[in-house]
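Each value in this text was obtained by applying a stated rule to the coordinates, not by laboratory testing. Because the structure is a prediction, the values reported are computed rather than measured. Here the Cβ positions follow ideal geometry from the backbone for every residue, glycine too, while neighbour counts run over all protein chains shown.
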Amino acid sequence: MQPENPLLIPAPPPIPVPEAPTPSARKKWGVFGTIGALLVKFKTFLLLALTKGKLVLLGLTKLNTLLSMLASIGLYWALYGWKFGVGFVLSIYIHEMGHMTALARYGIPASAPMFIPGFGAFVRLKAYPANQSEDARMGLAGPFWGLGAALACMGIGIMMGSALFTALAKVGAWINVFNLIPIWQLDGGRGFRALTRHHRTIVAVAAALLWLWTSETMLLIIALASVYRLFTKDAPETPDQGVLFQFVGLLVALSGVYYFTS
């Protein structure tokens with residue numbers, strides 16, 4: 001996000017004794033359990049998706065947003081096919097609508113999302129957040145909604161055996177993890193503005209452990225960038241536990257999606 005400055009009861013038939021589940025079956029049900037747990041954990045996203053439908057469609061009524069979306073779809077269509085192109089751009093759009101929802105909640109005016117083919121999208125703020133916690137929550141709202149999109153694609157991919165949706169889930173998780181790198185104007189950089197040095201250490205350790213679990217290099221980059229941010233002078237003195245839980249929770253959940261779709 002770029003700043004500007006879900007009776008008679010006959011005897012039952014004999015119940016067959018189920019066979020012991022195969023390893024693949026156990027893995028399949030384990031994945032379903034993971035999806036269910038994550039969906040419960042992130043039920044706020046589903047409620048927002050149902051109650052903010054008008055806001056979610058906001059960008060699609062803006063000509064610049066629509067044209068830039070079509071340009072991005074055209075690029076990814078040429079590279080990977082139209083189905084992936086449409087799905088990928090829509091997942092980015094959902095991410096940006098997470099930012100828009102948070103901005104609306106805090107009463108901060110902003111432009112509709114704009115897409116840059118090959119680079120992603122951004123929302124331009126027209127006013128500053130009131131404090132660091134607001135800024136952090138607005139930044140993390142994008143990956144939060146992006147996680148919801150990745151979980152939905154993951155569930156469809158597993159239930160329908162769709163390689164397309166599985167790929168969209170994996171790429172969506174990766175993109176949102178990338179956005180959590182705590183540098184510059186990335187969402188992670190905004191999130192870190194509300195984290196004390198102690199909290200930044202927790203994020204660094206969590207990212208390093210998740211890297212050991214998934215072998216995803218982006219998590220190692222987050223860990224190293226978090227260590228770097230220990231030595232910058234922008235760490236607040238007052239802790240914000242909510243932002244810490246959101247940041248670590250996003251890392252864990254997105255890493256889970258990436259791991260189970262690899």
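Before moving on, here are some points about what is shown:
- Cα centroid of the stretch 129-194 to Cα centroid of the stretch 91-127, whole Å: 13
- Full extension of the segment from SER215 to LEU75, taken as 0.36 nm per residue of separation minus the current Cα-Cα distance, would add 47.5 nm.
- Sequence-distant residues sharing a close amide H with ALA112 (under 5 Å, placed H): none
- Hypothetical label at VAL205: residues of the stretch 144-185 whose amide nitrogen lies under 20 Å (7 Å Cα-Cβ projection): 182
- Per-peptide average of other Cβ atoms within 10 Å, ordering 167-173, 115-121 highest first: 167-173, 115-121
- Percent of Cα pairs exceeding the 18 Å cut-off, where the set is the stretch 74-135: 43
- Expressed per residue, the C-alpha convex hull volume of the stretch 38-260 stands at 118 Å³.
- Whole-Hz couplings from phi, Karplus 6.51/-1.76/1.60, listed for the stretch 96-102; x for Gly and Pro: 5, 5, x, 4, 4, 5, 5
- Cα gyration tensor category, rounded, prolate or oblate, for the stretch 208-262 with a/c compared to 1.5: oblate
- For the stretch 189-256, the list of chymotrypsin sites (Phe, Trp or Tyr not before Pro) that fall in a loop by DSSP and count at most 10 other C-beta atoms within 10 angstrom reads PHE231.
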